[in-house]
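Asker: Before I ask anything, here is the structure I am working with.
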Amino acid sequence: MSAVPVTDRGRRTRDALISAARGVFEERGYDGTRMGDLAEAAGVSHGTVYTWFSTKEAVLMAVVDSLVGDLYASLSAPMDTDPVSRIERANRSYLDAYRANARLLEVVEQAATTDESFRAVLTGLRRAHVDRVAATLRHLQDEGIARTDLDAHAAAAALCAMVEGFARHWFGRGESHDEDVAVATLTALWAGSLGLTPVRKG
């Protein structure tokens, strides 16, 4: 449980705690982090930490709020007349967001092994990704651009899993890839599996 600040000073203190906490969690991991570590990193007393957060789980959840915002934003790609260009932009945006948050995602996955609230965060991110792609795919099917023999939701789930897994192994497991090659390859696999055809102009 966390408290909501009602003064500017309180907001600054809480924000500083959250900012410092991210670095501690990323360095020490979920299991290795203690409330005392968070207080030391933020340069405040233990009592100040407990003023705003009752547990380290509450601190991590506050840190995760920024992660969720970054990843949700990455799911929004500009509308292009060319669906392949839109897929390319979306893949690049998602990979950029994953790279920036890879270590924190590992910490959340660690916390999720014992805490249902963090499992819900990961499930929500996955659902949002799949739902966004499925909606786009249905639109492309309705326009006669993508294959109509595919179930939109199942196809979206499979394609999202491909990109998510690729990002996890690249940024979280130490694989090495050229960014442009990676984006081009993922985009080609998406386009090929969906049978995308060029948009007719005029």
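A short reminder: the numbers here are calculations on the coordinates, not readings from a lab. Here the structure is a predicted model, which is why all the values come from computation and not from measurement. Counting neighbours? That spans all protein chains shown, and the Cβs are built from the backbone with ideal geometry, glycine included.
Asker: Could you list the square roots of 5 times each eigenvalue of the Cα gyration tensor of the chain, that is, the equivalent ellipsoid semi-axes, sorted largest first and rounded to whole Å? The partial results should precede the final answer.
Answerer: Working: eigenvalues 308, 56, 42 Å².
Working through the eigenvalues yields semi-axes of 39, 17, 15 Å.
Asker: Work through the residues other than A157 whose Cβ is under 15 Å from its Cβ and net out their charges, Lys, Arg +1 and Asp, Glu -1.
Answerer: Numbers: positive: R126, R127, R132, R138; negative: D131, D151, E164.
Charge balance near A157 sits at +1.
Asker: Can you give me the long-range amide H partners of F53? Hydrogens built in the peptide plane at 1.01 Å from N, cutoff under 5 Å, separation of 5 or more residues or another chain.
Answerer: Hits under the 5 Å cutoff: A3.
Asker: Let me know the charge dipole size of the chain about its Cα centre in debye, to the nearest 20, where only the beta-carbon of Lys, Arg (+1) and Asp, Glu (-1) is charged. Mind showing how you got there, number by number?
Answerer: Numbers: 23 positive and 28 negative charges, 74 e Å.
In debye, rounded to 20, the chain gives about 360.
Asker: Take H129, H177 and order them by how many other Cβ atoms sit within 10 Å, fewest up front. Could you put the intermediate results ahead of the total?
Answerer: On the way: H129 23, H177 14.
Lowest count first: H177, H129.
Asker: Given a Förster radius of 45 Å and the C-beta distance between A58 and R173 as r, what FRET efficiency does 1/(1 + (r/R0)^6) yield to the nearest 0.05?
Answerer: Values: r = 29 Å, r/R0 = 0.65.
Given R0 = 45 Å and the Cβ-Cβ separation, E is 0.95.
Asker: With angles folded into 0 to 90 degrees, how steeply does helix 116-142 sit against the dominant principal axis of the chain? Use alpha carbons for both and round to 10.
Answerer: It is inclined by approximately 20 degrees.
Asker: Is it possible to state the helix-based mean residue ellipticity at 222 nm for the chain, with each DSSP H run of 4+ residues giving -39500 (n - 2.57), the sum divided by total residues, to the nearest 500 deg cm²/dmol? What is it? Working shown, then result.
Answerer: Values: 8 runs with 144 residues, N = 202.
Taken over the chain, the calculation gives -24000 deg cm²/dmol.
Asker: Taking a cut-off of 16 Å, what percent of all Cα-Cα pairs in segment 67-163 are separated by more than that? Don't skip to the end; give the middle numbers.
Answerer: Numbers: 2759 of 4656 pairs.
Everything past 16 Å amounts to 59 percent.
Asker: Moving on. Roughly what would the spin-label model give for A158 and S117, points 7 Å off Cα along C-beta, in nm?
Answerer: In this crude spin-label approximation the distance works out to 3.8 nm.
Asker: On C-alpha positions alone, give me the angle between the axis of helix 56-74 and the longest principal axis of the chain, in degrees, nearest 10.
Answerer: The helix 56-74 is inclined about 30 degrees to the chain.
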